[in-house]
Every structure is written in C-alpha cells, then in structure tokens.
Amino acid sequence: MARALRFILGDQLSRDIATLRDADRDGDIVLMCEVDDEATYVRHHKKKIAFIFAAMRHYADDLRNDGFEVDYRQLDDPDHRVSSFTQALRQAVERHGPDRVVVTEPGEWRVLQMMKDWQRELDVDVEIRTDDRFIATRDDFAAWAKGRKSLRMETFYRRMRRRTGFLMEGGEPAGSRWNFDRDNRAPPADGLSFPDRPHWSVDETTQQVLDLVAARFGDHFGDLEPFAYPVTRRQATRYLNWFVTHALADFGAYQDAMMSDEALMYHSHLSALLNVGLLDPRECCDKAEAAWRAGAAPLNSVEGFIRQIIGWREFVRGIYWLNMPGYGEANALAATRELPQWFWTGQTHMKCLRQAIGQTRQNAYAHHIQRLMVIGNFALLAGLDPRQVQEWFLIVYHDAYEWVEMPNVVGMALFADGGLFATKPYASSGAYIDRMSDYCGGCRYSVNRKAGPKACPFNYLYWNFLIENRQRFAGNRRMAMMYGTLDRMKDERKDAIRADSARFFKRIEEA
Ligand SMILES: Cc1cc2nc3c(=O)[nH]c(=O)nc-3n(C[C@H](O)[C@H](O)[C@H](O)COP(=O)(O)OP(=O)(O)OC[C@H]3O[C@@H](n4cnc5c(N)ncnc54)[C@H](O)[C@@H]3O)c2cc1C
Ligand code: SF4
C-alpha cells in the first residue's frame, strides 16, 4: 500500500495544514520532532521553546485522538539521536519506508533550502506544498511587487481588503475610510482598567516540557515560569474569543499607549498562536468583523486589528521572501555598535527600556510600540549592529520567526534596508515616549532636559542621528521639517549634542 510520510514542523500546527490535506489515516505516518539544532541555533527565550514544544505535543495528541499514526520524537527521548530536521527525516524514511514525503513550505529561507536538498538527497519523492494559511502566497506577493517603484503596505492592504472582502460594503471600505489610524493614538489615560485574561493550569504534558526546558535550556534568556499561555487549539480559540469580547473594543484607541507594569493592555497577544498555526488569520478577522457588525466593537479598533493581520503580517512575509537570501545582511546606515549587555538584563536607568526589556524577559512578549518606538528606536539612534539586533529580536520573543522578525527589524525599526518599504526612519526623541507612556515620570533622566548628563538620552541621540545621517536623509521630504529645525540650531547646541552623544556612547553600559 502507498504510504506517505507527512512531516509537520513546529510552526505548522494547523489542523488544515496542506501537509495533511489528503492524508490517509490507515496508511500514512505523521512525523514530528523536537530538534536540538532548531532550539539552539539561536538561544531562544525559555518560554518560547516551552510554548512550541508544549503546543507540538498537544497537537500530536489531538492527531492521535483523530486516528492518525504519529511518529513523535521528543528531545529527551533516550533513543533520540536527531539534531537536525534532515537527520530526523532520514531516520524516519529508514524506519517507515514511505513512497513519498509530504511537507508544507517553511517560514524560513534556511529551512526551505534544507527541504530542497531532501528532494535531491533522499531516495524518495519529496513534495513541498504551498503554505496557504497565508492569504497572499509568495507568488501573489511577488506578482504584486513586480515593477512597482515603491512597496507600500497601505497599497497592498487595500488590495487585500478588496480581495478578502473584510470590512467592505458595496466595493467601498466600511466607514468610507480605509484606515482609521488617526483615531488610534490615544495616550494612556488615568483610570484605565484591563480585563483579566483567561488562565490555564499547567497540565502533565506541559509540565514535562517545562521540566525539559529547565534542564536543557536553563541558561537561555528569560523566565520560564509562570507559564500561562494557550498551547492547544481549544485554548487558543478561547483566548481569541476572550480578546474579541473583552479587549478588542479598546484595542484601537490605546494601540500605541504604554503603561508601567502593564505588559498587555488591550493587545490581542495572539501573534505566537497565529505564527504556529493554532489560530488562522481569517478566523481572527472574521470574529473581529462580526463584533463590529454586532455593535460590540468600534470600527477604528476592528479596522486597526484587521489591518495588522491582513496588511502588516502578510506584507512583511512578502518582503522577506522577496529579498531572501541576503536581506539579513542589509546595513544601509553602516551601523556597527555592539549591543549593550543590559539588553539581556534590562538593568538600565532608562525606564522605558527597563520596562520593555524587563517585560520581555518575563513574558517573551512586548507590544508593538515597545518593540518599535522604545527598543527599536534606541537601537536605531544608537547605531546598533543590525545583525546583533536581529538576533536579539529572534531570541527574545515567543512569536519570533525569521520571516516576520527580520523585515520588522531590518526594514521597519532600523531602516537598514535603506527604505525598501518605510518612507522614513521611525526615529523619535523622548517627547514621543513621554506623550505615549507614563514611563518618564519615574525615570532617572529628565525628558524635559535637552543637554547634559541628566537629559533624556533619546533627546540628544535623536539629533545626533540626524546629524550623522544628513547625507542620506536631508533630501527626504518627510524629514524636511526636522532638518529645517536642525539647521536653525546654533553651532554650540550642535556641539553639545555631539558631546553628549559621545559621552553616552563611551559609558553606554552604565546608561
Ligand atoms: C522590531 C520589531 C520586531 C517584531 N518582531 C515580530 C516577530 O518576531 N513576530 C511577530 O509576530 N511580530 C513581530 N513584530 C510585530 C508586532 O510587534 C507583533 O506582532 C505584536 O506586537 C504581537 O503582539 P499582539 O499579538 O498583542 O499584537 P496586536 O497588537 O494585538 O496585533 C494583532 C496581530 O497583528 C499582527 N501584527 C501586528 N503588527 C505586525 C507587524 N508589524 N508584523 C507582522 N504582524 C503584525 C500580529 O499577528 C498580531 O498578533 C515586530 C515588530 C517590531 C517593530
Ligand atoms: S526620560 Fe527618556 S529614557 Fe527616561 S523613560 Fe522617558 S524617554 Fe525613556
């Protein structure tokens, strides 16, 4: 009887993954493995490894309950001898003698190259299927991008709205506007309260994974416990429903706000569930749109949420595949500074960074504005080496996979691709962080001071960045106002900016 070996990777935990679509429960084998190389090629946050392994083990149990034969290789299996996907697959082919291997294309270019090698090296047919969990395939995106002078998310997003029909009414955008971003910039307000999130007690399967991670990866970055994230399809669905019912309504307005010791606010916290496949992007958007149609959430929130998913998420994936290999090497601003040690400890006197990095250590999560306008902004202004910054972002977040992390870091946060899709760098002084957060009040530095050792470092680093990158940005229309202000500054002021920045960089480890 023809037997297919169906190989499911750790971020392919969707029940309708292309790999399984025509599976025969009576003959085919599903292969899943926890692979040492993948857990350690960068030293991922402990919570990230625990989340992925726990979700994989539960997914394998679900498949078994549904009648599949699953060959699951645990990392702590005493007979486990696999360190790479290739080795795991080769051994499984020897064990089961399948007629063909079926896989779905992976999220990383590096792994796709591995899969192509399998087609050459293994003595069996290897079929690589398109990952249609994304709404735009890689070819769709490439066709859209071809011949365009500039790649703008907003243009792509409108196409995706038309294509999917989300928030469309008679061919026009609901509310007569495509984008409600200008309603989504409220600073944190006094008296905001955040609804309690659903929690799960750790079951035996997850506990075994937590023990494994503590024993094998105890020296990796971040806190392993408490561990309270969904790891099954059922929990993920409950978490999504909870978000739509309790947080979506306020998500829009406070999307950019930051508050001390409030890691999640009204954010969905769904990215890791989406990225491993426990949730489908379309179902998230369907539920959000239904809430708006039922009058349970305002349009600015729902449009903002849907834009992040069918717009940004799909767009950055397209950018990644379009520019690989080589995208990760981009360094248009020739930034070379080493990452300060406190990126790993969070021990800095800059409260905004202490909060964002501290929460990242605890939760393997920080929300978008913390990633972009606090950590990313600092990395940009300080000229941190893009390769090191990418590796840091890939390690520390539970939702980080190269296809989504790399464009967000290289293109959005660091402008290292020279503006492939961003029209100007996301650079700002302390004023932005002060407006959008309550951080500055409790900081050792003063956001109102422009110069001297007590001044907020973002204030002089911002102008220093403009001075140092004048050649590249002075002609950028969107930066003309800032260069106009810089040009009106007295020479003494510019000298002070340079001197403060030089002093800061000299003692960056104590900042
Ligand atoms: C420097 C930097 C690095 C990032 N690295 C990652 C990463 O490794 N993995 C990752 O999933 N996201 C990454 N993002 C995007 C974004 O910050 C996270 O998706 C978001 O913070 C996840 O939290 P949430 O689920 O609460 O999102 P919400 O704010 O509730 O947004 C809803 C969903 O929209 C999607 N989304 C929103 N913005 C983006 C975006 N820019 N790119 C892709 N998807 C988006 C996510 O799936 C998210 O779950 C990064 C952003 C920056 C600026
Ligand atoms: S004063 Fe500056 S360093 Fe301190 S929290 Fe505010 S923005 Fe951050």
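The values are calculated or read from the model by the stated rules, or taken from the named source; none is laboratory data. It should be emphasised that the depicted structure is a prediction, and the values quoted were computed from it without experimental measurement. Using ideal geometry, Cβ is built from the backbone for each residue, glycine included, and neighbour counts are taken over all protein chains shown.
Okay, residues lined up against (1) more than 27 Å from Ala215 (Cα to Cα); (2) under 22 Å from the mean Cα position of the chain (by Cα); (3) modelled with pLDDT under 95:
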position	(1), (2), (3)
Leu5	yes, no, no
Leu9	no, yes, no
Leu13	no, yes, no
Ile17	yes, yes, no
Leu20	yes, no, no
Ala23	yes, no, no
Asp28	yes, no, no
Leu31	no, no, no
His44	no, yes, no
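A single member of Tyr426, Tyr460, Tyr432 is aromatic (Phe, Trp, Tyr) and farther than 24 Å from Arg185 by Cβ, and it is Tyr460.
From the residues in region 245-270 that are of a type in the set (Ser, Thr, Tyr) and under 22 Å from Pro230 (Cα atoms), which one is nearest to ligand 1 (Cβ to nearest atom)? Working first, answer last.
Narrowing region 245-270 to residues of a type in the set (Ser, Thr, Tyr): 245, 254, 260, 266, 268.
This time we only want the ones that are under 22 Å from Pro230 (Cα atoms), so: 245, 266, 268.
Working: Thr245: 15, Tyr266: 8, Ser268: 3 Å.
Here the residue is Ser268.
With respect to (1) within 16 Å of ligand 1 (Cβ to nearest atom); (2) aliphatic (A, V, I, L, M); (3) farther than 30 Å from Leu322 by Cβ, the lone exception for Ala427 is condition (3). Being under 30 Å from Ser437 (Cα atoms), more than 16 Å from ligand 2 (Cβ to nearest atom) and outside any helix (DSSP H, G or I) is a property that does not hold for Ala236. Taking the criterion of being among the hydroxyl-bearing types (Ser, Thr, Tyr) and within 31 Å of the chain's Cα centre (by Cα), the only residue of region 466-503 that qualifies is Ser501. Among the residues of region 199-214, those identified as free of Cβ contacts under 8 Å to residues at least 60 places away in the same chain and exposed (fewer than 14 other Cβ atoms within 10 Å of the Cβ) are His199, Ser201, Asp203, Glu204, Gln207, Asp211. Within region 356-368, the set of residues being surrounded by 22 or more Cβ atoms within 10 Å (Cβ to Cβ) and within 20 Å of Ala427 (Cβ to Cβ) comprises Ala356, Ile357, Ala366, His367.
Can you find a residue that is out of contact with any Gly (no Cβ under 9 Å at 6 or more places or on another chain), over 24 Å from Asp256 (Cα atoms) and assigned to a helix (DSSP H, G or I) anywhere in region 448-464? Yes.
Test Gly277 against the criterion of being within 13 Å of ligand 1 (Cβ to nearest atom), on the phi > 0 side of the Ramachandran plot and at pLDDT 95 or above, and give yes or no. Spelling it out, Gly277 is indeed within 13 Å of ligand 1 (Cβ to nearest atom), on the phi > 0 side of the Ramachandran plot and at pLDDT 95 or above. Scanning region 291-309 for residues that are free of Cβ contacts under 8 Å to residues at least 12 places away in the same chain and hydrophobic (A, V, I, L, M, F, W, C) returns a single hit, Ala294.
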